Amino acid sequence: LWRDWEFSCFSQCGDDGVLYRIFGILGWGHRRSVEIGYFPHEANSVNLLVNANFTGLLLDGNTDPLIAQSWYASVPGYLKIVHDNHQLPQKEWTFQEPTEADLRASCAPYCLKSCYNVNCYQGSKMAREPFMTRSLVTLTNIQSLIDTPFARQGVSVRGPRGLDYFSIDIDGMDYFLLDSLLSNGYAPRVVATEYAAHLGMELALTRPYSPTFAAAATSFQYGASLLAFVKLLRRHEYRFIGCVEWNAYFVRNDELSSSADKSAAFPEPSLQTCFYQDYDSRMTEVLRRRKACTVEWEEVEVDPGKTPRPWLTLKSLLLDSLVVPTKSGRQP
(Lines give C-alpha, C1' and ligand atoms only; values in the text may rest on other atoms or scores of the structure.)
Protein backbone atom coordinates (compact mmCIF):
# COMPACT_ATOMS: atom_id res chain seq x y z
CA LEU A 1 0.00 0.00 0.00
CA TRP A 2 1.60 3.25 -1.22
CA ARG A 3 5.26 2.47 -0.55
CA ASP A 4 6.24 6.02 -1.47
CA TRP A 5 4.15 7.37 1.41
CA GLU A 6 5.39 5.10 4.16
CA PHE A 7 7.50 6.36 7.04
CA SER A 8 7.84 5.39 10.66
CA CYS A 9 8.21 7.62 13.67
CA PHE A 10 6.55 5.31 16.21
CA SER A 11 4.91 2.59 14.11
CA GLN A 12 6.61 -0.77 13.67
CA CYS A 13 6.43 -0.44 9.89
CA GLY A 14 5.46 2.42 7.57
CA ASP A 15 2.00 2.99 9.05
CA ASP A 16 2.73 6.51 10.31
CA GLY A 17 3.21 7.80 6.79
CA VAL A 18 0.25 5.92 5.37
CA LEU A 19 -2.06 7.28 8.07
CA TYR A 20 -0.92 10.83 7.33
CA ARG A 21 -1.72 10.22 3.68
CA ILE A 22 -5.14 8.70 4.45
CA PHE A 23 -6.26 11.51 6.74
CA GLY A 24 -4.66 14.10 4.48
CA ILE A 25 -7.08 13.00 1.77
CA LEU A 26 -10.14 12.22 3.89
CA GLY A 27 -9.75 15.10 6.33
CA TRP A 28 -8.73 14.84 9.97
CA GLY A 29 -12.19 14.89 11.52
CA HIS A 30 -12.43 15.16 15.30
CA ARG A 31 -9.00 13.54 15.76
CA ARG A 32 -10.07 10.69 18.04
CA SER A 33 -8.45 7.27 18.08
CA VAL A 34 -8.58 3.95 19.89
CA GLU A 35 -5.80 1.38 19.70
CA ILE A 36 -6.16 -2.04 21.30
CA GLY A 37 -2.80 -3.75 21.65
CA TYR A 38 0.25 -1.48 21.82
CA PHE A 39 3.74 -0.90 23.15
CA PRO A 40 4.14 2.63 24.57
CA HIS A 41 6.88 3.56 22.12
CA GLU A 42 5.66 1.51 19.15
CA ALA A 43 2.08 1.60 17.94
CA ASN A 44 0.09 2.79 14.95
CA SER A 45 -1.69 5.67 16.69
CA VAL A 46 1.24 7.12 18.66
CA ASN A 47 2.34 9.47 15.89
CA LEU A 48 -1.23 10.76 15.64
CA LEU A 49 -1.23 11.41 19.39
CA VAL A 50 2.20 13.06 19.44
CA ASN A 51 2.26 15.00 16.18
CA ALA A 52 -1.34 15.34 14.97
CA ASN A 53 -3.12 16.45 18.14
CA PHE A 54 -5.32 13.35 18.44
CA THR A 55 -7.20 12.45 21.61
CA GLY A 56 -6.68 8.74 22.01
CA LEU A 57 -7.18 5.64 24.10
CA LEU A 58 -4.41 3.04 24.35
CA LEU A 59 -5.73 -0.28 25.65
CA ASP A 60 -3.71 -3.40 26.39
CA GLY A 61 -3.73 -6.33 28.78
CA ASN A 62 0.04 -6.58 29.23
CA THR A 63 1.68 -3.16 28.99
CA ASP A 64 3.07 -1.92 32.32
CA PRO A 65 1.02 1.20 33.23
CA LEU A 66 4.05 2.89 34.78
CA ILE A 67 6.06 2.52 31.58
CA ALA A 68 3.15 3.81 29.52
CA GLN A 69 2.67 6.76 31.86
CA SER A 70 6.36 7.63 31.76
CA TRP A 71 6.38 7.59 27.97
CA TYR A 72 3.64 10.21 27.60
CA ALA A 73 4.11 12.32 30.73
CA SER A 74 5.36 15.89 30.62
CA VAL A 75 9.14 16.22 31.03
CA PRO A 76 8.87 17.17 34.75
CA GLY A 77 6.39 14.33 35.18
CA TYR A 78 8.73 11.87 33.51
CA LEU A 79 11.69 12.88 35.67
CA LYS A 80 9.56 12.53 38.81
CA ILE A 81 8.31 9.08 37.78
CA VAL A 82 11.86 7.82 37.28
CA HIS A 83 13.14 9.47 40.46
CA ASP A 84 10.28 8.05 42.55
CA ASN A 85 10.90 4.61 41.06
CA HIS A 86 14.51 4.81 42.19
CA GLN A 87 13.40 5.18 45.81
CA LEU A 88 12.50 1.49 45.76
CA PRO A 89 15.10 -1.23 46.32
CA GLN A 90 17.15 -1.46 43.13
CA LYS A 91 15.95 -4.97 42.28
CA GLU A 92 12.41 -3.55 42.09
CA TRP A 93 13.26 -0.69 39.73
CA THR A 94 11.26 -0.46 36.53
CA PHE A 95 13.78 2.03 35.13
CA GLN A 96 17.41 0.95 35.41
CA GLU A 97 18.21 3.88 33.13
CA PRO A 98 18.53 6.81 33.25
CA THR A 99 20.46 6.74 36.50
CA GLU A 100 20.13 9.32 39.24
CA ALA A 101 23.42 10.82 38.10
CA ASP A 102 21.97 11.15 34.59
CA LEU A 103 18.93 12.91 35.98
CA ARG A 104 21.11 15.49 37.75
CA ALA A 105 22.70 16.59 34.48
CA SER A 106 21.76 20.14 33.57
CA CYS A 107 20.62 19.04 30.12
CA ALA A 108 18.44 16.20 31.40
CA PRO A 109 16.52 14.58 29.94
CA TYR A 110 17.22 15.87 26.43
CA CYS A 111 20.86 14.77 26.29
CA LEU A 112 20.20 11.26 27.63
CA LYS A 113 20.40 8.28 25.33
CA SER A 114 18.04 6.42 27.63
CA CYS A 115 15.18 8.92 27.83
CA TYR A 116 11.99 6.95 27.24
CA ASN A 117 9.59 9.83 26.86
CA VAL A 118 8.14 11.33 23.68
CA ASN A 119 8.84 14.89 24.80
CA CYS A 120 12.58 14.20 24.85
CA TYR A 121 12.44 14.11 21.07
CA GLN A 122 9.79 16.75 20.44
CA GLY A 123 10.37 20.39 19.68
CA SER A 124 7.07 21.17 21.38
CA LYS A 125 5.16 19.46 24.15
CA MET A 126 2.36 17.04 23.35
CA ALA A 127 -1.04 18.73 23.51
CA ARG A 128 -2.43 16.05 25.82
CA GLU A 129 -1.64 12.68 27.30
CA PRO A 130 -3.65 9.74 25.95
CA PHE A 131 -6.02 7.67 28.01
CA MET A 132 -4.28 4.44 29.01
CA THR A 133 -5.97 1.34 30.38
CA ARG A 134 -4.50 -2.04 31.28
CA SER A 135 -7.11 -4.76 30.96
CA LEU A 136 -7.80 -8.04 29.23
CA VAL A 137 -10.30 -7.08 26.51
CA THR A 138 -13.33 -9.35 26.03
CA LEU A 139 -16.75 -9.15 24.41
CA THR A 140 -18.30 -8.29 27.78
CA ASN A 141 -16.08 -5.33 28.68
CA ILE A 142 -14.85 -3.83 25.42
CA GLN A 143 -17.61 -1.24 25.10
CA SER A 144 -17.25 0.10 28.64
CA LEU A 145 -13.46 0.17 28.32
CA ILE A 146 -13.76 2.38 25.24
CA ASP A 147 -16.73 4.53 26.29
CA THR A 148 -15.68 5.41 29.85
CA PRO A 149 -12.55 7.56 29.34
CA PHE A 150 -14.13 9.60 26.55
CA ALA A 151 -17.40 9.98 28.47
CA ARG A 152 -15.48 11.68 31.29
CA GLN A 153 -14.83 14.47 28.79
CA GLY A 154 -18.45 14.51 27.69
CA VAL A 155 -17.68 12.81 24.37
CA SER A 156 -19.44 9.85 22.75
CA VAL A 157 -17.30 7.81 20.37
CA ARG A 158 -20.22 5.93 18.85
CA GLY A 159 -21.77 6.75 15.53
CA PRO A 160 -20.23 8.11 12.32
CA ARG A 161 -18.82 11.20 14.05
CA GLY A 162 -17.32 9.31 16.99
CA LEU A 163 -13.95 7.78 16.13
CA ASP A 164 -11.61 8.72 13.33
CA TYR A 165 -9.19 5.83 13.73
CA PHE A 166 -9.42 2.38 15.29
CA SER A 167 -6.60 -0.17 15.39
CA ILE A 168 -6.54 -3.66 16.87
CA ASP A 169 -3.60 -6.03 17.24
CA ILE A 170 -3.84 -8.29 20.28
CA ASP A 171 -2.85 -11.64 18.75
CA GLY A 172 -6.11 -13.19 19.82
CA MET A 173 -9.81 -12.57 19.44
CA ASP A 174 -9.36 -9.58 17.13
CA TYR A 175 -12.05 -10.70 14.67
CA PHE A 176 -14.76 -11.11 17.31
CA LEU A 177 -13.96 -7.89 19.14
CA LEU A 178 -13.98 -5.86 15.95
CA ASP A 179 -17.26 -7.41 14.82
CA SER A 180 -18.80 -6.63 18.21
CA LEU A 181 -17.82 -2.96 18.05
CA LEU A 182 -19.08 -2.46 14.51
CA SER A 183 -22.33 -4.22 15.41
CA ASN A 184 -22.95 -1.95 18.41
CA GLY A 185 -22.85 1.55 17.03
CA TYR A 186 -19.15 2.25 16.63
CA ALA A 187 -18.21 3.43 13.16
CA PRO A 188 -14.59 4.60 12.97
CA ARG A 189 -13.73 6.29 9.69
CA VAL A 190 -10.52 4.30 9.28
CA VAL A 191 -9.81 0.81 10.64
CA ALA A 192 -6.51 -1.08 10.80
CA THR A 193 -6.12 -4.65 11.92
CA GLU A 194 -3.26 -7.10 11.97
CA TYR A 195 -3.94 -10.30 10.04
CA ALA A 196 -2.37 -13.76 10.10
CA ALA A 197 -0.53 -13.72 6.78
CA HIS A 198 0.56 -17.35 7.12
CA LEU A 199 -3.08 -18.45 6.67
CA GLY A 200 -3.03 -17.23 3.09
CA MET A 201 -5.72 -15.40 1.17
CA GLU A 202 -8.23 -18.11 0.21
CA LEU A 203 -9.98 -18.86 3.53
CA ALA A 204 -11.79 -16.69 6.09
CA LEU A 205 -10.52 -18.16 9.36
CA THR A 206 -10.18 -17.23 13.02
CA ARG A 207 -9.48 -19.07 16.24
CA PRO A 208 -12.71 -19.97 18.10
CA TYR A 209 -13.77 -17.33 20.62
CA SER A 210 -12.53 -17.61 24.19
CA PRO A 211 -12.60 -14.77 26.73
CA THR A 212 -9.39 -16.10 28.28
CA PHE A 213 -7.57 -16.82 25.03
CA ALA A 214 -3.78 -16.76 25.09
CA ALA A 215 -1.18 -18.06 22.66
CA ALA A 216 2.56 -17.73 22.46
CA ALA A 217 3.79 -15.30 19.83
CA THR A 218 5.92 -17.99 18.25
CA SER A 219 3.01 -20.44 17.95
CA PHE A 220 1.26 -18.47 15.17
CA GLN A 221 -1.99 -19.89 16.53
CA TYR A 222 -3.85 -16.60 16.98
CA GLY A 223 -5.67 -13.86 15.09
CA ALA A 224 -7.58 -14.21 11.85
CA SER A 225 -6.89 -14.37 8.13
CA LEU A 226 -6.95 -11.38 5.82
CA LEU A 227 -10.05 -12.67 4.00
CA ALA A 228 -11.91 -12.94 7.33
CA PHE A 229 -11.30 -9.24 8.00
CA VAL A 230 -12.05 -8.15 4.43
CA LYS A 231 -15.40 -9.94 4.50
CA LEU A 232 -16.19 -8.69 8.00
CA LEU A 233 -15.47 -5.06 7.15
CA ARG A 234 -17.27 -5.33 3.82
CA ARG A 235 -20.38 -6.54 5.68
CA HIS A 236 -20.13 -3.41 7.84
CA GLU A 237 -19.78 -1.19 4.76
CA TYR A 238 -16.04 -0.58 4.64
CA ARG A 239 -13.70 -0.71 1.67
CA PHE A 240 -10.45 -2.61 1.87
CA ILE A 241 -7.71 -0.23 0.64
CA GLY A 242 -4.54 -2.27 1.12
CA CYS A 243 -1.85 -3.38 3.55
CA VAL A 244 1.30 -2.17 5.23
CA GLU A 245 3.29 -5.33 5.92
CA TRP A 246 0.84 -7.39 8.04
CA ASN A 247 -1.64 -4.58 8.82
CA ALA A 248 -4.78 -4.30 6.67
CA TYR A 249 -6.48 -0.91 6.18
CA PHE A 250 -10.14 -0.09 5.62
CA VAL A 251 -12.10 3.13 5.02
CA ARG A 252 -15.83 3.54 5.66
CA ASN A 253 -17.75 3.57 2.39
CA ASP A 254 -19.57 6.84 3.00
CA GLU A 255 -16.23 8.61 3.46
CA LEU A 256 -15.39 7.66 -0.12
CA SER A 257 -18.79 7.97 -1.79
CA SER A 258 -18.94 11.68 -0.91
CA SER A 259 -16.16 12.49 -3.38
CA ALA A 260 -15.05 10.94 -6.64
CA ASP A 261 -11.50 12.10 -5.95
CA LYS A 262 -11.43 10.41 -2.55
CA SER A 263 -12.84 7.20 -3.98
CA ALA A 264 -10.29 7.21 -6.77
CA ALA A 265 -7.48 7.73 -4.25
CA PHE A 266 -8.39 4.48 -2.50
CA PRO A 267 -9.17 1.75 -5.04
CA GLU A 268 -9.70 -1.72 -3.62
CA PRO A 269 -6.63 -3.83 -4.43
CA SER A 270 -6.29 -7.55 -4.87
CA LEU A 271 -5.58 -9.47 -1.68
CA GLN A 272 -2.55 -10.89 -3.43
CA THR A 273 -0.80 -7.52 -3.14
CA CYS A 274 -0.56 -8.12 0.63
CA PHE A 275 1.54 -11.27 0.33
CA TYR A 276 5.23 -11.37 -0.52
CA GLN A 277 6.35 -13.84 -3.17
CA ASP A 278 10.08 -13.98 -2.45
CA TYR A 279 11.65 -17.22 -1.26
CA ASP A 280 12.18 -16.21 2.39
CA SER A 281 8.62 -14.93 2.83
CA ARG A 282 7.07 -17.99 1.27
CA MET A 283 9.24 -20.33 3.29
CA THR A 284 8.24 -18.47 6.45
CA GLU A 285 4.58 -18.91 5.49
CA VAL A 286 5.06 -22.65 5.09
CA LEU A 287 6.67 -23.09 8.51
CA ARG A 288 4.19 -20.86 10.31
CA ARG A 289 1.15 -22.44 8.71
CA ARG A 290 2.28 -25.91 9.73
CA LYS A 291 2.55 -24.68 13.32
CA ALA A 292 -0.83 -22.97 13.13
CA CYS A 293 -2.54 -26.13 11.90
CA THR A 294 -1.77 -28.03 15.09
CA VAL A 295 -4.81 -26.33 16.66
CA GLU A 296 -8.36 -25.81 15.40
CA TRP A 297 -9.54 -22.76 13.46
CA GLU A 298 -13.09 -21.93 12.40
CA GLU A 299 -14.51 -20.55 9.18
CA VAL A 300 -16.39 -17.25 9.38
CA GLU A 301 -18.25 -14.91 7.05
CA VAL A 302 -19.63 -17.81 5.00
CA ASP A 303 -21.96 -17.00 2.12
CA PRO A 304 -25.74 -17.03 2.77
CA GLY A 305 -27.21 -20.51 2.59
CA LYS A 306 -23.88 -22.17 3.35
CA THR A 307 -22.51 -23.57 6.60
CA PRO A 308 -18.95 -23.33 7.93
CA ARG A 309 -16.81 -26.29 6.93
CA PRO A 310 -15.46 -28.59 9.67
CA TRP A 311 -11.91 -28.13 10.88
CA LEU A 312 -10.52 -31.30 9.28
CA THR A 313 -11.70 -30.09 5.88
CA LEU A 314 -10.20 -26.65 6.46
CA LYS A 315 -6.95 -28.16 7.70
CA SER A 316 -6.64 -30.23 4.54
CA LEU A 317 -7.21 -27.14 2.40
CA LEU A 318 -4.58 -25.19 4.34
CA LEU A 319 -1.92 -27.87 4.19
CA ASP A 320 -2.64 -29.22 0.72
CA SER A 321 -2.35 -25.75 -0.77
CA LEU A 322 1.13 -25.24 0.67
CA VAL A 323 3.89 -25.21 -1.91
CA VAL A 324 7.41 -25.36 -0.55
CA PRO A 325 9.40 -22.81 -2.57
CA THR A 326 12.81 -23.37 -4.09
CA LYS A 327 15.47 -20.68 -4.30
CA SER A 328 15.54 -21.05 -8.06
CA GLY A 329 11.87 -20.02 -8.17
CA ARG A 330 10.81 -23.41 -9.59
CA GLN A 331 8.45 -25.57 -7.59
CA PRO A 332 9.71 -28.98 -6.48
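The values are calculated or read from the model by the stated rules, or taken from the named source; none is laboratory data. On a predicted model such as this, the values are computed, not experimentally measured, just so you know. Here Cβ is always computed from backbone atoms with ideal geometry, including for glycine, and neighbour counts include all displayed protein chains. To get the accessible areas, we keep the full protein, side chains included, count just its heavy atoms, and leave off ligands, DNA and RNA. Shrake-Rupley method; radii C 1.70, N 1.55, O 1.52, S 1.80 Å.
Among all lysine pairs in the chain that are eight or more places apart or on different chains, how many have alpha carbons less than 24 angstrom apart? Going through the chain pair by pair, I get 11.
Residues V46, V295, ordered by accessible area of protein heavy atoms at a 1.4 angstrom probe radius and largest first, appear as V295, V46. Taking amide H atoms as placed 1.01 Å from N in the peptide plane, the amide H of G223 lies under 5 Å from those of G172, D174, R207, each 5 or more residues away in sequence or on another chain. Can you give me the angle between helix 311-320 and the longest principal axis of the chain, using Cα atoms only, in degrees from 0 to 90, rounded to the nearest 10? Taking the Cα atoms of the chain, the angle to 311-320 is about 90 degrees. In the context of the full set of protein chains, residues of the range 115-246 present 40 Å² of accessible surface per residue (probe radius 1.4 Å, heavy atoms only).
Full-extension gain between L88 and N184, please, as 0.36 nm times their residue separation minus the C-alpha to C-alpha distance.
Contour length minus Cα-Cα distance gives 30.1 nm.
By the Cβ distance rule of under 4.7 Å, the chain has these cysteines without a partner: C9, C13, C293. Computed on the range 48-174, the Cα convex hull volume stands at 139 Å³ per residue. Shown in residue order for the range 44-56 are the 3J(HN,Hα) couplings computed by the Karplus curve 6.51 cos²θ - 1.76 cosθ + 1.60 at θ = phi - 60°: 6, 9, 4, 5, 5, 5, 7, 10, 10, 6, 7, 9, x Hz (x for Gly and Pro). Start at zero, step by 10 Å, and the Cα-Cα distances of the range 229-293 spread as 19, 39, 26, 13, 2 percent across the bins. Helix 75-85 axis versus longest C-alpha principal axis of the chain: approximately 90°, rounded to the nearest ten.
As a calculated quantity, the FRET efficiency between R104 and W28 at R0 = 45 Å, using C-beta atoms, amounts to about 0.65. In order along the range 173-187, the Karplus-derived 3J(HN,Hα) couplings, from 6.51 cos²θ - 1.76 cosθ + 1.60 at θ = phi - 60°, round to 8, 4, 4, 5, 5, 5, 4, 4, 4, 5, 8, 10, x, 8, 9 Hz, and Gly and Pro are given as x.
Can you tell me which of 296-305, 218-227 comes out highest on packing, and rank the rest after it, using the mean Cβ neighbours within 10 Å?
Highest-to-lowest ranking by the protection proxy: 218-227, 296-305.
Proximity of backbone amide H atoms, modeled 1.01 Å from N, is registered between G242 and Y249 at under 5 Å, excluding neighbours fewer than 5 places apart on the same chain.
Modelled spin labels at E245 and R3, positioned 7 Å past Cα toward Cβ, are 1.6 nm from each other.
Our coupling estimate for the range 96-110, obtained by passing each phi through the Karplus curve with A = 6.51, B = -1.76, C = 1.60 and θ = phi - 60°, is 6, 9, x, 7, 5, 5, 4, 5, 7, 5, 5, 8, 4, x, 5 Hz, Gly and Pro reported as x.
Give me the angle, in degrees from 0 to 90, between the Cα long axis of helix 15-26 and the longest principal axis of the Cα atoms of the chain, rounded to the nearest 10. Here the helix axis deviates by roughly 80 degrees.
Solvent-free Debye calculation, one equal scatterer per alpha-carbon of the range 122-280: log10 I(q)/I(0) at 0.09, 0.16, 0.17 Å⁻¹ equals -0.33, -1.01, -1.10.
Can you give the extra length, in nm with one decimal, that the chain gains between L66 and S258 once fully stretched, where that is 0.36 nm per residue apart less the Cα-Cα distance?
64.8 nm
Kirkwood analysis of the chain, using all unique Cα-Cα pairs, places the hydrodynamic radius at 21.5 Å. Label-to-label distance, K306 versus D280, with points set 7 angstrom from Cα along the beta-carbon direction: 3.6 nm.
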